[in-house]
Amino acid sequence: MAKRTIILRLTINDPVPGVCYSLQGKDGEPIDAATATEAPLSLNAPVVLNDDNRLSGPFVRREGTERRFVYIGIGKHAGAPDSNWDRRAKIDVHDIPADLLEVARQGRTLEVRLPGRAKDGSPACATVRPLKPWKAL
């Protein structure tokens, strides 16, 4: 096996309309910012799938030896300086099953569906758990 770039699609099922969302690069810069409507919002993160199934690349951050995650910037973190929101959502990627990573290695995109709102209706932030498990498209 060789290293391969794969696409992780992070789909926010119910984003807060009018709020800006983006991927966040390693230096904290917003990438591919988009303002939400009532429709689901998808952000595609190209990541490197290494020989040992670890993920790396410009969007993947790590905590400790195992945990890998991708940040979604929200409001000011997504490059909208006048936003009322200044948040990030942390999406774990270290726990994507090996069989799905193998499918991605063959060129398929992996998608996860995420809640877009906290219980109070504001944009979901901190560690955001998927609504459903990762799947291959």
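A few comments on the model shown:
- Counted over the stretch 4-136 with a bin width of 10 Å, the fraction of Cα pairs per bin, in whole percents, is 13, 46, 32, 8, 0.
- Counting lysine pairs in the chain that sit 8 or more residues apart in sequence, or on different chains, and whose Cα atoms lie under 20 Å apart gives 8.
- Extending 7 Å from the Cα toward the beta-carbon at both residue 131 and residue 98 defines two label points whose distance is 3.1 nm.
- Here the chain is treated with +1 on each Lys and Arg Cβ and -1 on each Asp and Glu Cβ, and its dipole about the Cα centre works out to around 200 debye.
- On the basis of the beta-carbon distance and an R0 of 35 Å, residue 38 and residue 2 show a calculated FRET efficiency of 0.25.
- Antiparallel content of DSSP bridges confined to the chain, in %, to 5: 80 percent
No value in this document is a laboratory result; all are computed from the given coordinates. Only a predicted model underlies this, so the values are computations on that prediction, with no experimental measurement involved. Counting neighbours? That spans all protein chains shown, and the Cβs are built from the backbone with ideal geometry, glycine included.
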